[in-house]
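The structure appears right after this line, and notes come after that.
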Amino acid sequence: MLTLDRKDDTRPIIDAQLAAGGGRIVELDGDADWREASTEIVGAVRVDIRFPKFNDGRGFSLATQLRERAGYAGKLRAVGDLIPDQAQHLIRVGFDDVDPDRKGLEADWARARTRFAHAYQPGRGNVTPLFRHRHKRPEDDLAALNARYRDMTPQEILRDAIENKWVGKIAIMSSFGAEAAVGLHMIAQIDPATPVIFLDTGRLFAQTEQYQRQLTDQLGLTNLRLLTPDADAVAEEDNDERLWRRDPDACCTLRKVRPLDGIIGDYDALITGRKRFHGGGRMALPVVERINGRIRVNPLANWDAAAIEGYFQRFDLPRHPLTDMGYASIGCWTCTAPVQGNGDIRSGRWIGQSKTECGIHSPAQNAAEHVAAE
Ligand code: SF4
């Protein structure tokens, strides 16, 4: 395996997770359909694309589509019949490393990857292909947005997003969970009238509801948008109130995804509080991504637990009452438990199940059509 030169500060984190035996790896043939692949790679921290022959360029196209249209930000590895002359093109379309079938050419690969200063084909990261210098529309381009926010603080990202980029068309989603106060406090300093979307599933802890009221009042947030599941749908689909146990995905769809879908057209962009250190599929979280055709801004993606704790202390923010009892990530009472031992921050969610996310940050089944229609 040979490392290419593409710069990205998430790589050491992903490498550490893979070395520890964690993280999902997806293998794709170079001729895979990118729309189908964009669904398959959700939650993956590394995607391997296979090149069957060195003169078969479909793997380059697939990589470009995953980076630029699907917003994939994890690790991308090229495997198969590749030659050193292809190093620059691999970098330009967003590969991080290459595992070529032909061995013994390490010196040639090292020379090839530093030979050119400009890119002529679509790429990712700091590389802007020449033909786009004149025609580029940064406001439509995920790579440009991520480059724009690369060195900004979360507060700077939020200010730009709220006051410049998506004025009047942006909201923050908040669970009013263990870390929610940080992002909400930042929002309150910029514009306390920013809509705050709160999904009340009907299964929340009483402490969460109390914390929501306390935090909203204390921070002076003036535009809380409370979403609840459709009562008729709940009566029909969860009449025994056990759907969370029988089919938690269906329950999250009923109580979270569909209520959010009902208002999502009101906004061009939604802010989330997700962070890479939460692990799992979040390890590869970009600052800006596109889900089902809508922008998600994750200003705290780069922050770790220490940074969050430091912010709480600096501004003396109130804590969720359940954090003292060992709850590190807080959702519905039916599906949330305290973290045991050295478990990771989200290990108390959906214990004993493969489920790790509720679905509001995942592409819908017809995501490909949404992306294609943009
Ligand atoms: S977290 Fe559990 S109770 Fe809450 S909506 Fe999802 S499955 Fe249902």
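FYI, it's all coordinate maths here, none of it is from the lab. Bear in mind that the values here come from a model prediction, so they are computed numbers and not experimental data. All Cβ positions, even for glycine, are placed from backbone atoms using ideal geometry, and neighbour counts span all protein chains on display.
Numbers for the structure displayed
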read-out	value
Dipole magnitude (debye, nearest 20) for the chain, charges at Cβ of Lys, Arg, Asp, Glu	920
Extension reserve of the Ala250-Asp99 stretch, reckoned as 0.36 nm per residue once the Cα distance is removed	50.4 nm
With Cα atoms, 0 to 90° folded angle of helix 206-219 axis to the chain main axis	80
Order of Tyr149, Tyr72 - criterion: other Cβ atoms within 10 Å of each residue's Cβ, fewest first	Tyr149, Tyr72
Likely footprinting exposure, Asp217, Asp31, Asp96, Asp15, fewest C-beta neighbours within 10 Å first	Asp217, Asp31, Asp15, Asp96
Within the chain, percent of DSSP bridges classed antiparallel, to nearest 5	20
When region 151-373 is reduced to its Cα atoms, the Kirkwood hydrodynamic radius in Å	18.0
Tilt relative to the chain, helix 58-68 - C-alpha long axis, 0 to 90 degrees, to 10	30
14 Å cut-off, amide nitrogen to a point 7 angstrom out along Arg319 Cα→Cβ, residues in region 170-184	178-181
Across Lys53/Lys275; Lys75/Lys169; Lys275/Lys355, pairs whose alpha-carbon gap is larger than 29 Å	Lys53/Lys275; Lys75/Lys169
Estimated FRET transfer efficiency when R0 is 35 angstrom, pair Arg258-Gln189 (beta carbons, to 0.05)	0.60
Stokes-Einstein D in µm²/s, Kirkwood radius over Cα pairs - the chain at 20 °C with 1.002 mPa s viscosity	97
